[in-house]
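To start, the structure itself, in structure tokens.
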Amino acid sequence: MTGSVLLGLGVVVLLVCAAYAVVCAVRPAARVLSGATWFRAGDRHGRAAVSWVTAKVAAELVLLVIGAALVFTLASVFVEVLDAVVDDDDLTVIDRPVVDWLAGHRTPGLNRVVIAVTDLGSAVALAVASVAGVAYVAWRLRSWYPIALGVLTLGLVQLLVLGIKVTIGRERPNPPGQVVPETGFSFPSGHSTSSLVGFALLAWLVCMLTGNRTVWATAWLTAAAGAVLVGLSRVYLGVHYPSDVLGGWMLGLTWLAVVAVAVWVWRARSASRNGDHQT
């Protein structure tokens, strides 16, 4: 158990270092782009246009329209995956062949690494990391906002996953092919959904503590890479089909979009109220 935890922490360190290296590699190109004359001119014109639009249309309405379009798009993809699972066609055609192929290409050493990766998306690991992160940021900012954000993101999505699992009732891959024993229903992958939402929450919390854009990019890139690895680990270990993982990712993205839109609208409304009070 201790070895798996240490291995998992090693994976986290490697992910952060790799994400930071990628951010540092692309930063010079971003600086050249942001310093270009045409970019600055376009930015000025863009800001002027945005100012004109927001003067004519309420910011809340703009955010709602954009947010609703994003949520609808992500939810539509999730529904397509869900429909394929229910009808057992389209995407699910590759489910069993992929699981069977991976089962025949496992190695003991790789199994240990993948188990450590999948443990990063476990309920215990996410709960400990999220509670610690939320508590620290709430204390640093002297605000209840991080706590509310944690409950809305990682807390409620667990109930959503459970409800869908029970409703769909899809069986997991055959137990003999599982590297680690798992019970319960298969679709959507709880690890995939929870790790995506949980890692995004941690990245969000990091962004609350600093205005350093390099740190922001590193945090979000690490979160994305971690969510992908956890999802893939579930298929490798034989406890989920690829469509379960894809459904979990899309459900997580949809829920994050819902929470982000709610936060944006709330901030726009608060800013509007503050402006009214000042005038």
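Quick note: the coordinates plus some simple rules give every number you see, no bench work behind them. Note that the structure is predicted; figures quoted are calculated from it, not measured. We place every Cβ from the backbone using ideal geometry, glycine too, and count neighbours over all the protein chains shown.
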Post the alpha-carbon centroid distance, segment 220-236 to segment 132-156, in whole angstrom.
23 Å
Amide H to amide H, which residues 5 or more places from Ser122 or on other chains are under 5 Å from it, using H placed in the peptide plane?
none
Under the Kirkwood approximation applied to all pairs of distinct alpha-carbon atoms, what is the hydrodynamic radius of segment 69-160 in Å?
17.0 Å
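Would you mind getting me the FRET efficiency between Ala148 and Asp87? Use the beta-carbon distance for r and R0 = 35 Å, nearest 0.05.
On the way: r = 39 Å, r/R0 = 1.10.
Efficiency, rounded to the nearest 0.05: 0.35.
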Over segment 121-277, what is the mean sequence separation of C-alpha contacts under 8 Å (at least six apart), divided by residue count, expressed as relative contact order in percent?
28 percent
